[in-house]
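The values are calculated or read from the model by the stated rules, or taken from the named source; none is laboratory data. Every value quoted in this text rests on a predicted model; they were computed, and no experiment measured them. Here the Cβ is made from the backbone with ideal geometry for all residues, glycine too, and neighbour counts use every protein chain on show.
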Amino acid sequence: MKSDKPTSIQLLSSNSQALPVKEFCKQCDENIKISEKNLILLLKFKNILNEETADLEYSSPDTIKIKLDNQIEKSKKKKLFQYTNLKKESSRLNDLKLDPTSCFIWFIANKQEMKNLVPEIEEIRIKEVCCEMTSKNKNCPDGNFGLGKILAHEGKFDLALQHLKLATEQNENEKTYKLWYAVMLVLNLENKAQAVDAKMLCYRLLKDGYKTIEVYWTLMKLALSGILNVGTEIESAEHYAVRIKEIDDYYGFLAWSEISLAKQSSRSIERGENILKEMINLAPERPEAYIMLWSYYYNKKDYENALAICEIGFLKLTNISCDYSVLISLKYAKSLFKQGKFSSCFDLLQMEYSKFPLFMIFVYEYGKLCVKTQDPHFMGSAIGALLECLRGSSEDRYGQIYYWLSKAYLIAGEKIEAYDYMKKALSLLTTGIDKGDIAQERLSETKIAVKASELKELMRDMHGQIVNLDIISRILEGDTENCRYEECKIYCNAIRGFDKIEGDLCEAKILWKLGRKDEAMQLLYNDLTTQSFSMKIHFQVIELWKLEKNYEEILKISKLIVNYCKQVSVPVQLWVKINTIYGKALEKCGKVDKAIVIYKSLAKLQPKLYIPDVDYTKDLQTATTKEDLKSPAKPRKRIVNRKSIGYSEACLDFDARRAQLIASKKNLSTMVASEDIENDISTSYSVESHQKQIDYDQLETSESPRTNPFARARTGFETIKWFSVTTDYFFLYKIGKLSAKHEVYTQDGFFALHDFLNFHHYWMRAGVEADEDLRVKALFWLGIICHQLEDYQQAYLIFIEIMSMLFQLGKVEMSERIQTCFRHYESLGIKPVNNL
């Protein structure tokens, strides 16, 4: 049907004078036919392009269809970009390897995670060295640069930026300083001025020919931040991704995936995800794609896929740097925990700690995650791990460690200990918030503020009962005349309502103070069968028997505790403590040889040793039978210099022998205990024991974690619940001292003290150990052993070294014994002491 309206051609022919442009366009628009086919195609085209394209509205249907088909084909190719291009260029994906000191890992890891990638002991040492450098020379760029990097790892970014800026000003030609400063600025942007500074630093680096992946990535992150206007103040992120790809395909695809994931479009996000998946398929030995894809899944709470990615990465990434290995392992453990696979998570953390014993983060995460399970069966391991953390962690982490310790003790029913750690945690956490020293971002500060509020509320609820305990403590410290039993019993009964064991302990102490010792002992013995996590009753009985010097009773009680500890999960520190008491009781009862073997067995609790020249301890760790521990150390070459005292013979491969150890804590003690644990603790007091017996041979070792996280699935063994690893090395001193005092196992004594001094020196440098008194005593006993071995020259040199220190410490008996030795040396013609 024809339209009644005149066409534009008719209008033109009927009027000699041309219409105005606006009028002409208006009439044309009114006469345009709307094609339904064109409209549908146009809408499809717009949907594909995801943009308005006004000029297509005036195209013919055939033209639109051709353009649409072309665009659809382009869209398909674009969708397959990651597959076609990656496969085409996969041969070049493994070409470039960044320098191990590169800052690239900062771009793909969370800032909160970076603290975990530097062992805290090494962190302390580096800070000391850098501080010493800057104190000697204020214009020391290397010192400021080192401090800046370490402070950044600690999360103290404001201080880090200050030192990095100083380093760049003190040495303007060092490109690495400028790069790190720019990276830290971009990762901690607070205003436009910082963004401009970072951009100019990068531009200057590019102008100087420093065209690296890190520089372009910094600019790309800056463009994605939105602080600078793209196009006018900075190039687009895509521009820098292209530059990165020109340098290396792998990092180029990483950059494109970063850009895609940063966009809001679901299509773009899917593209970024697919790129990372394909990169993992084509370059399975590169860790960056695993980390980026895990972060994407974890942030959107897709924990199942996050776990799958980490699991693949953990198995395939066998030749990567320590930083990436630790990062992947921690993410793997986190994913396992989120999926409720607690046993696998804890197995993994123990195994990784055995591989990287310097990284206390594995121990901290183990303890923290154990507490988060809320399962009382895990609390012994949790407390043991967290207490061990206090030895090797920096003070910045103490507040968090104390917090989780308080939670663990509370779950275990030990309210008094929980309250003590609450006070410590609250003090450190609130101090950190007030000073602004809390590492990382405001989110972390908020979390810590929530923890502090939680602790305050818990302490408020417990305060009333703690007051009663303080009253009893003051009475016990005061004179006996002021101690009235009936009045004290009221307070003790009030404490029992809060903590029965603590109430009984308080009453027993009051009775003992009043001279009613039998009543005190009977009260304590009645509680010996009560299962208590910290076994305070048992240790109080031991303390009271020490006052009476009744070591036979102490021996019986210590055996009871050893038997109990084999059946439940207890902190490793408690296990060491009771074995030390057991050894002391054996010594006092004349069983010195057995006491030494007990101490030697504690070496198995040490982690894989990274401290040099402690071969004797390594040998003890590889003992598998009672006879191995009983065998005296073989005579070896002894060297005077205690910095290099060691064995001349090479030990067997430690890892191979360590992996063969399948022994529970029960085996650890029964290896050296020939008789059964006695059920009748004392003839004076009646005690019944109803402890359940279990088959310990079916349990795996807790001192040597499995070497494979999937061993449980293959072997069917029970999962490990006990964390029994400690760096406590005091047992070496006990071996040496007993050997010297009783002239038994003298070779063991010599090498034990040698190792002890090396341990002590290492931990002194790390700032963990500060007991100079103990070092001097160890040297004294080492000198005595040398004297017994008739190595008088070595003994003489050792005694000369410590003589003045013994005098300062007031060790009269030791000084007199040395003088006796000196008189003997003088009679043998060795240089006399008064001629020195």
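What the table below lists for this structure:
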read-out: Which listed residue is of a type in the set (Gly, Ala, Ser), closer than 20 Å to residue 115 by Cα and not assigned by TED's automatic domain parsing to the domain that holds residue 153, from 333, 283, 306, 289; value: 333
read-out: Residue among 254, 206, 261 that is in the same structural domain as residue 181 (by TED's automatic domain parsing) and in a helix (DSSP H, G or I); value: 206
read-out: Unmet requirement for residue 501, which otherwise passes all of (1) under 39 Å from the mean Cα position of the chain (by Cα); (2) touching a residue at least 60 places away in the same chain (Cβ under 8 Å); value: (2)
read-out: Helices (runs of 4 or more DSSP H) completely within region 723-813 that count 1 or more residues being touching a helix residue (DSSP H, G or I) at 6+ places or on another chain (Cβ under 6 Å), within 23 Å of residue 604 (Cβ to Cβ) and modelled with pLDDT of 90 or more; value: 730-742, 746-765, 772-788
read-out: Total residues in region 588-623, condition among the aromatic types (Phe, Trp, Tyr) and modelled with pLDDT of 90 or more; value: 2
read-out: Given (1) more than 25 Å from residue 604 (Cβ to Cβ); (2) free of Cβ contacts under 8 Å to residues at least 12 places away in the same chain, number of the condition residue 415 does not satisfy; value: (2)
read-out: Some residue of region 479-494 being in contact with a Leu (Cβ under 8 Å, 6 or more places away or on another chain) and farther than 26 Å from residue 547 by Cα; value: no
read-out: Elements of type helices (runs of 4 or more DSSP H) in region 379-441, at least 1 residues being basic (Lys, Arg) and modelled with pLDDT under 95; value: 379-392, 415-435
read-out: Qualifying residue in region 95-109 (condition: outside any loop (DSSP other than H, G, I, E, B), of a type in the set (Val, Ile, Thr) and modelled with pLDDT of 90 or more); value: yes
read-out: Check on residue 227, farther than 14 Å from residue 104 by Cα, in contact with a Ser or Thr (Cβ under 9 Å, 6 or more places away or on another chain) and not assigned by TED's automatic domain parsing to the domain that holds residue 101; value: no
read-out: Helices (runs of 4 or more DSSP H) enclosed by region 447-554 - at least 1 residues per element that are more than 30 Å from residue 566 (Cα to Cα); value: 485-498, 500-513, 517-526
read-out: When residues of region 94-140 are limited to those that are small (Gly, Ala, Ser) and in contact (Cβ under 8 Å) with a residue 60 or more places away in the chain, the one surrounded by the most Cβ atoms within 10 Å (Cβ to Cβ); value: 109
read-out: Unique residue being farther than 27 Å from residue 97 by Cβ, in contact with a helix residue (DSSP H, G or I) (Cβ under 9 Å, 6 or more places away or on another chain) and part of a loop (DSSP other than H, G, I, E, B) when the list is 189, 151, 166, 159; value: 189
read-out: Per-region count, region 209-234, residues assigned to a helix (DSSP H, G or I) and closer than 22 Å to residue 176 by Cα; value: 11
read-out: Subset tally (residues that are modelled with pLDDT under 75 and among the polar types (S, T, N, Q)) for region 442-469; value: 1
read-out: Checking residue 197 against (1) outside the structural domain of residue 163 (by TED's automatic domain parsing); (2) surrounded by fewer than 22 Cβ atoms within 10 Å (Cβ to Cβ); (3) not hydrophobic (A, V, I, L, M, F, W, C), the condition it does not meet; value: (1)
